[in-house]
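Structure record follows, encoded as structure tokens.
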């Protein structure tokens, strides 16, 4: 006997290709669907409406199907309030907890739709005093009321395709043939729009920024007020400071690309110099550190987070070596972000994407097209890939942006 449910979806279902994805998901579980109602938006700004009866062979297939459909923006018709269950032990959720996407989510409480706060993927929804929040599994505590099952949940996917006129290269996927100048110009426009809207611009950077000569461009952007936070690993900090103090990166002279004699020890000399100063900030204040990305962050009061890893040398005294603390520090700096620039760092880019809601635009710049693809494949569908040299991109972007922040006021 076939199990049946009725779902509905509303939004830009056609030009965002959501409707065809809905139909495909039903077919993938060997289910059937019947369109009970469909109203197409009469203008490009009007939403469309779909009401669909779906069938599946058993309860497991139906639950799997509903999980897929809810993620695409469908909601069960007349499903009542979201189902809640109490957590019995810290970090131990009920087996049927609802796992969030990065899309805007609402839960039904007391017959009213309540928007979930702190939206992010791979979290639980905790409800208290008529409000709802995304919370990571490690932060769930005994006594919390969490949403379980699929009822009383509504997800609102971003209509990425509708931005194609304002942000043209978003609709083109990831390509090495895209004109870098076009990507730079449109990225600059996104940054300006975000700041005008009171949002923050956050940069996620790997050490390739230093290796490719991107320090000058990124430093100028920080100095001119275009960057509100810098997220990176210990490596970016070490090589930035090595370049500032010794003129090398991984022992290679930045001036001519030649190996410095005994240059293999320069990154350790850079770490040692900061330990002697006490911290990066103290190195700047004492005059020991006078150029570079972190120097500009200290001078401009731009917060930076250095996340440690297993392979770090030293690391720098500013580096956060506890991964949970580093992740929390990243998440704190991502609050209020409108645009995130990911520059040559696959792991940090993926980690950052996992923390962001889908309405925050991500521009992922890397010479390797696989990096942007992996960021997108891991659920960060709003990420746009620009396949080019990171140093060149930063040089062009710094020139494309207007001058100092005080001059723009």
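Before moving on, here are some points about what is shown:
- Members of the range 110-125 that are outside any loop (DSSP other than H, G, I, E, B) and within 22 Å of residue 62 (Cα to Cα): 124, 125
- Residue 339 meets each of the listed conditions (1) assigned to a helix (DSSP H, G or I); (2) surrounded by 16 or more Cβ atoms within 10 Å (Cβ to Cβ) apart from (1).
- Hits in the range 361-370 - residues which are buried (at least 24 other Cβ atoms within 10 Å of the Cβ) and touching a residue at least 24 places away in the same chain (Cβ under 8 Å): 361, 363, 365, 366
- Where strands (runs of 3 or more DSSP E) sit wholly within the range 126-245, those with at least 1 residues that are modelled with pLDDT of 95 or more and farther than 30 Å from residue 60 by Cβ occupy 131-135, 200-205, 229-233.
Table: residues versus (1) free of Cβ contacts under 8 Å to residues at least 40 places away in the same chain; (2) in contact with a strand residue (DSSP E or B) (Cβ under 8 Å, 6 or more places away or on another chain).
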position	(1), (2)
275	no, no
286	yes, no
310	yes, no
328	yes, no
344	no, yes
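- The residue list 318, 328, 312 contains one member that is surrounded by fewer than 20 Cβ atoms within 10 Å (Cβ to Cβ), over 12 Å from the mean Cα position of the chain (by Cα) and farther than 13 Å from residue 234 by Cβ, which is 328.
- Flag set for residue 397, criterion: buried (at least 22 other Cβ atoms within 10 Å of the Cβ), touching a residue at least 60 places away in the same chain (Cβ under 8 Å) and more than 13 Å from the chain's Cα centre (by Cα).
- Selection of the range 110-134 for residues being over 19 Å from residue 350 (Cα atoms), free of Cβ contacts under 8 Å to residues at least 40 places away in the same chain and surrounded by fewer than 20 Cβ atoms within 10 Å (Cβ to Cβ) yields 110, 111, 112, 114, 115, 117, 128, 129, 130, 131, 133.
The values are calculated or read from the model by the stated rules, or taken from the named source; none is laboratory data. Keep in mind that what you see is a predicted model, and the values were worked out from it rather than measured. With ideal geometry, Cβ positions are generated from the backbone for all residues, glycine too; neighbour counts draw on all protein chains shown.
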